Amino acid sequence: MAIHRTLSFPCVKPEREAKARRPVRGCSPLRNPPPFEKAYLRHPVSEIYHSRRHKAKVLLLVPPYTRIEKPYSWQQANYLLGSSANNLKLDSKIIRWFEQNGLLLSEMKRVGPPMGLLRIGSAAKKAGCEVRIIDAAKEGFDNEETLIPEIGLKRYGLPVRDMMRWTSNLSLQVVGIAASYTHQWGNVRELAEEVKRLNQRAVVVVGGAHATGDYQRVLLDSSVDFVVVGQGEETFVELISALEGRRSIGDVRGIAFRSGRHRDEVVFTGHRPFSKNPSNLILDYSLLDLSKYSGLIHTAGARKKRDGLLAYVSTSSGCNQNCGFCAIPKVQGPFLGAGIDQLNAELAGLKKNGVTELIVEDDNWLYNPMWALETCALFKKYDFAWMEEGGLALSALIALNLGYGARNVMGSELEKPSFKHIREAIGKGITAERLITAMAQSGCYSVYLAVESANEAAMEISGKPKANIMQEQAAQIVRLFKNRGISVTGGFMLGFCGQQGKGVYSESAREMINTMEYAGELMRAGMDYANPFIVTPLPGTRMGEFQMQYASTNYDTGFSHELGTFDLPGSLTAEQMGLLRQIMIAKINGIEKMERMLETGSWPV
């Protein structure tokens, strides 16, 4: 018979406590009201019972996803864009297509393996827990329903009731939910409420980029018990240990939970230092059914090999660039590469289990070119076809292409700490051509190139290297890839907004069109597809916190890179940016590629 007792919470030191007022309204006001008055919310987490005899059972969940799909006629779009539409200089073929088909402001249905949950699950399993992962967005990908017709809000994925039916026979103790995306928060909140309705004693934990940046609202807007702030592997394992009575909750760094007489205060136990343990990057792929993610069309285009399984891998995590719009430095910290011997063993295991193709998801794979060459050697050793989806740093490739002349062209930018390994690589004679050749010889067939913008002011306020706007150098990089048979998708960003001195920088329509024209130049150099996205406020990031003063706290209707979230001060509205982006996709890539993108739900490469 299991022995139960009540958790004992020690006093939390004052400097580790943060208080937050309950939001005036929920962050997903279109859904059911936040369950503030439910009985289980009136009990402190310290009254959750646990067993000291058994290891915790852990269920990790990806919620169903929502997206917005809103049609416009060409006349509506033309009217809303005004003079900006004329500045696009569209040819008659594109205009006829939009006149016949209209525009659809929409978010694509795209899912991939839950890499964050896989890392958490691998760590928990290694610690002795029984772990199961359910990816509702993938399991019910073809199940789509309209939630709110007036705004085109749709949801796809395994219904919450079905997920709970799957779990009702399990004696679950800890339920972890991925809260990575701000615009999916409403789905996370709904799922957490349903878990609690089914089992009030279940401990609900969320983590991810959104939860890290907005943990106070997450707790006060939901029935979530704990938020894991920042990197999750070690924190999650320690939290489970505390729930099992093996340590004190207050000693677990990197978590937040509700406190106070009315459960309307938030306690944060302080930031956990980022891990320097490369073994955390080695994953237990037995927790996923890879066949579900091995279709001929994946999240970044079409597969090269038609046989075998496809696996998403990370040979490293973290990034040292600290761009103002990016959550990675807050969540994953600086660059950390996996141990080569451990990575070799992981790849050998994937090959043995039928994997023939990889998608590399590193946050900044090119941070250390010597590391990149070592991983290329391993990919070649096991004869993997592979593509890079995390985003290659264009500035790093430009610096390698310039070689010793980079100092003269890039100036003090090259002396920044984030370019340390690039400088070392130049000193060792590693060029962009040598690196790209090694990639091609190791089986690389496609890359995602992070170009971002043509505008110097946008690069400056975001902290992105200004080398990215060197258009002729960027064209040379594209040609190097294409000459070696590697497809290139270019990533671009529209709608930069941030603090500039004592004022505000707000990207103009003309500047956004400059970026479109830059993308056109790279298409003429051989780039296969240009992917424009809209700058989105991410909670906890430097630019995101500044932009939130212009944005709604309604996370259901914005906060997607494919839709505008806020009106740029003195520039375009969110609606105008969304329409401009859709037209740019056709203008830059052509109607045929845009139609393939709409048909497949992925990039036409």
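The values are calculated or read from the model by the stated rules, or taken from the named source; none is laboratory data. Keep in mind it's a predicted model, so treat the numbers as computed, not measured. All Cβ positions, even for glycine, are placed from backbone atoms using ideal geometry, and neighbour counts span all protein chains on display.
Tell me, which residue of segment 250-302 that is touching a strand residue (DSSP E or B) at 6+ places or on another chain (Cβ under 6 Å) and assigned to a loop (DSSP other than H, G, I, E, B) is nearest to GLU595 (Cα to Cα)?
ALA300
So which of ASN364, ASN401, ASN368 is polar (S, T, N, Q), within 17 Å of VAL478 (Cα to Cα) and either at pLDDT below 95 or in the same structural domain as ILE297 (by TED's automatic domain parsing) (or both)?
On the way: ASN364 fails: within 17 Å of VAL478 (Cα to Cα); ASN368 fails: within 17 Å of VAL478 (Cα to Cα).
Going through ASN364, ASN401, ASN368 in turn, the sole match is ASN401.
Answer yes or no: is there a residue in segment 99-111 that is modelled with pLDDT under 90, in contact with a strand residue (DSSP E or B) (Cβ under 9 Å, 6 or more places away or on another chain), over 30 Å from GLY390 (Cα atoms) and surrounded by 14 or more Cβ atoms within 10 Å (Cβ to Cβ).
No, the conditions are met nowhere in segment 99-111.
Go through segment 363-407 residue by residue and tally those that are among the polar types (S, T, N, Q) and farther than 19 Å from LYS464 by Cα. Working first, answer last.
So the first thing to find is which residues in segment 363-407 are among the polar types (S, T, N, Q), and the list is 364, 368, 375, 395, 401.
Those still in the list that are farther than 19 Å from LYS464 by Cα too: 375.
Matching residues across segment 363-407 total 1.
Does ALA256 count as under 22 Å from GLN184 (Cβ atoms) and outside the structural domain of LYS196 (by TED's automatic domain parsing)? Before you say what the answer is, go through the steps one by one.
Numbers: under 22 Å from GLN184 (Cβ atoms): yes; outside the structural domain of LYS196 (by TED's automatic domain parsing): no.
Spelling it out, it is not the case that ALA256 is under 22 Å from GLN184 (Cβ atoms) and outside the structural domain of LYS196 (by TED's automatic domain parsing).
Going by what's in this entry, would SER552 be described as touching a Gly at 6+ places or on another chain (Cβ under 9 Å), over 23 Å from GLN321 (Cβ atoms), in the same structural domain as GLY301 (by TED's automatic domain parsing) and among the small types (Gly, Ala, Ser)?
Values: touching a Gly at 6+ places or on another chain (Cβ under 9 Å): yes; over 23 Å from GLN321 (Cβ atoms): yes; in the same structural domain as GLY301 (by TED's automatic domain parsing): no; among the small types (Gly, Ala, Ser): yes.
No.
Please pick out the residue among MET459, MET493 that is in contact with a His (Cβ under 9 Å, 6 or more places away or on another chain) and either buried (at least 19 other Cβ atoms within 10 Å of the Cβ) or of a type in the set (A, V, I, L, M) (or both). Explain how you work it out, then say what you get.
Details: MET459 fails: in contact with a His (Cβ under 9 Å, 6 or more places away or on another chain).
Just one listed residue meets the conditions, MET493.
Among the residues of segment 535-547, which ones are in contact (Cβ under 8 Å) with a residue 12 or more places away in the chain and either surrounded by fewer than 22 Cβ atoms within 10 Å (Cβ to Cβ) or assigned to a loop (DSSP other than H, G, I, E, B) (or both)? Before the answer, list the steps.
Here is the first cut: in segment 535-547, the residues in contact (Cβ under 8 Å) with a residue 12 or more places away in the chain are 535-544, 546-547.
Across segment 535-547, the qualifying residues are VAL535, THR536, PRO537, LEU538, PRO539, GLY540, THR541, ARG542, PHE546.
Can you name the residue in segment 304-344 that is surrounded by fewer than 17 Cβ atoms within 10 Å (Cβ to Cβ) and without any contact (Cβ under 8 Å) to a residue 12 or more places away in the chain and, of all such residues, is farthest from VAL111 (Cα to Cα)?
Checking each candidate, the answer is ASP341.
For residues in segment 142-163 being surrounded by fewer than 18 Cβ atoms within 10 Å (Cβ to Cβ) and of a type in the set (D, E, K, R), which is modelled with the lowest pLDDT?
ARG161
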